[in-house]
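Notes follow once the structure below has been shown.
The values are calculated or read from the model by the stated rules, or taken from the named source; none is laboratory data. On a predicted model such as this, the values are computed, not experimentally measured, just so you know. Here the Cβ positions follow ideal geometry from the backbone for every residue, glycine too, while neighbour counts run over all protein chains shown. For accessibility, only protein heavy atoms count, side chains too; no ligands or nucleic acids. Shrake-Rupley method; radii C 1.70, N 1.55, O 1.52, S 1.80 Å.
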Amino acid sequence: KQTVLQANANVVALEPSEDSSFDYWLRISTLDKRQPIRLPVKLAPYHRRLLDGKRINTSMTLTCKPSGWWLTLTVDEHVPAITADESPVVGVDVGIANFLTTSTGKRYGTFRGKLARRHKLDREKRRRKARLRACLKKKGVLRLPSLTNQRLARHVQQEINRAVNQFYADHAGHQVAYEDLNVRAMRFKARRANAYLYAANLAHLPRQLAWGASKRGQTARASWAAYSSQECSRCHFVSRANRPEQQTFCCQACGLQLNADENAALNHQARFHDREMQACHSKEAVKALLDARHVAYLQSPDSRSLSARREPAFGCESISGQSGVGHHSGSRRRKHPS
């Protein structure tokens, strides 16, 4: 939809300006030999500060926008690594209610509130535009109004960038473990939920996490997202019944109760250095590995000592074992007072 020209030094070159009114001259070669076109380039104070003392790459991009022509420059910058293998690891879970939820229980950014209200108004506006498009199409109008809202998408990306920057400011020197989220395969039965998911722009979160870590010199690694929201971070039991509600996690095997996003962040934190999990090539392999670890946990002394003092989850029966069959572990009342 926009005119974009991408060229190397053979066609476009940036020359420093000797006049104080402009910063650079953009030399564009033409078909006439030794008769180039020179365009003045003026930089903002922010651009001067970033380009001060740096060598500009030869590849450049010219983009024609309604406000004028914009020049895109790139520079190479060496960022020293500030994290090592011994650095602490923080797990991050991506969601809509909270953009980022860490394994320490902190939350950053949300799509609810102001963004949700703007999304609701945008859906109503798109419905009206859809009816208008149908009427204009019947009348043979070729140029139809667009249904996309670029302003809402930009605001959502700005909120995501703000949440990621705040996260890295609070976790300087940490290694980051996040999920390799496949938003394209995520679908809901309700069209309203799909529109809510599309407007949240969850695919931008993993990319921004990786970019934020690379420019700060921190190590960030994507782990398997399979069964991260259904796996218990303590006993590795996997079941859909572990999620009785969207924001609640209740393990049906060991009775662990905590926030669902925080439990998923703990799983990502544990999978950061997990060699066996990284060697899995399919969701079936991940499920088999988690089942084997749950069986090993049931045979460990920690499981036996925990089941002896465990309380029932949500006032219902506590279920132990992989088969999902257990007994009520509530305390018996005495017939006579002491």
| field | Principal-axis tilt of helix 204-216 within the chain, Cα atoms, nearest 10 degrees | value | 70 degrees
| task | With only Lys, Arg, Asp and Glu charged, each at its Cβ (+1 for the first two, -1 for the last two), find how big the charge dipole of the stretch 3-76 is about the Cα centre; round to the nearest 20 debye. | result | 100 debye
| note | Carbon and sulfur atoms account, in whole percent of the 1.4 Å probe accessible area of the stretch 83-159, for 51 percent
| task | Compute the acute angle (0 to 90°) between the alpha-carbon long axis of helix 260-270 and the principal axis of greatest extent of the alpha-carbon atoms of the chain; round to the nearest 10°. | result | 80 degrees
| query | When you take every Cα atom in the chain, what is the radius of gyration, and what is Dmax, the widest Cα pair distance, in Å? | reply | 27.6, 108
| field | the stretch 58-85-the stretch 241-299 distance, computed between alpha-carbon centres (Å) | value | 40 Å
| request: Please give the per residue accessible area of the stretch 3-76, computed with a probe of 1.4 Å over protein heavy atoms only, in Å². | output: 78 Å²
| query | Expressed as a rounded percentage, what relative contact order does the stretch 35-141 have, with Cα pairs under 8 Å and six or more residues apart? | reply | 11 percent
| remark: The FRET efficiency for K283 and R191, from their Cβ-Cβ distance with R0 = 22 Å and rounded to 0.05, is 0.25
| said: If I fit a long axis through the Cα atoms of helix 191-200 and take the longest principal axis of the Cα atoms of the chain, what angle between them do I get, 0 to 90°, rounded to 10? | reply: 60 degrees
| query | How big is the accessible area of K42 in square angstrom, nearest 10, if you roll a 1.4 angstrom probe over the protein chains? | reply | 140 Å²
| query | Please state the Cα pair-distance histogram of the stretch 3-76 with 5 angstrom bins from zero: what percent is in each bin? | reply | 3, 14, 24, 28, 20, 8, 2, 0
| With the dipole of the chain worked out from charges on the C-beta (+1 for Lys and Arg, -1 for Asp and Glu) around the Cα centre, which of N57, V164, A190 lies farthest toward the positive end? | A190
| In debye to the nearest 20, how big a dipole does the chain give about its Cα centre with +1 on each Lys and Arg Cβ and -1 on each Asp and Glu Cβ? | 2560 debye
| remark: The ³J(HN,Hα) series, computed from each phi in the stretch 134-145 with the Karplus coefficients 6.51, -1.76 and 1.60 at θ = phi - 60°, rounded to the nearest Hz and given as x for glycine or proline, is 5, 5, 5, 5, 5, 7, x, 6, 7, 8, 9, x
| Hz values of 3J(HN,Hα) by residue in the stretch 14-27 - Karplus curve (6.51, -1.76, 1.60), Gly and Pro given as x | 9, 10, x, 8, 8, 8, 7, 6, 10, 8, 9, 10, 8, 8
| task | Convert each backbone phi in the stretch 86-97 into a coupling constant with the Karplus relation 6.51 cos²θ - 1.76 cosθ + 1.60 (shift: θ = phi - 60°), then list the ³J(HN,Hα) values in order as whole Hz, x for Gly and Pro. | result | 8, 5, x, 10, 10, x, 10, 10, 9, x, 8, 4
| task | With r as the distance between the Cβ atoms of A296 and W70 and R0 = 45 Å, compute the FRET efficiency 1/(1 + (r/R0)^6) and round to 0.05. | result | 0.20
| field | Highest-first arrangement of 269-280, 67-78, where packing means the average Cβ count within 10 Å | value | 269-280, 67-78
| Using the per-residue mean of other Cβ atoms lying within 10 Å as a proxy for protection, in what order, highest first, do the peptides 153-161, 94-102, 255-263 fall? | 94-102, 255-263, 153-161
| Any idea what the relative contact order of the chain is, in percent, if you count C-alpha pairs under 8 Å spaced at least 6 apart? | 14 percent
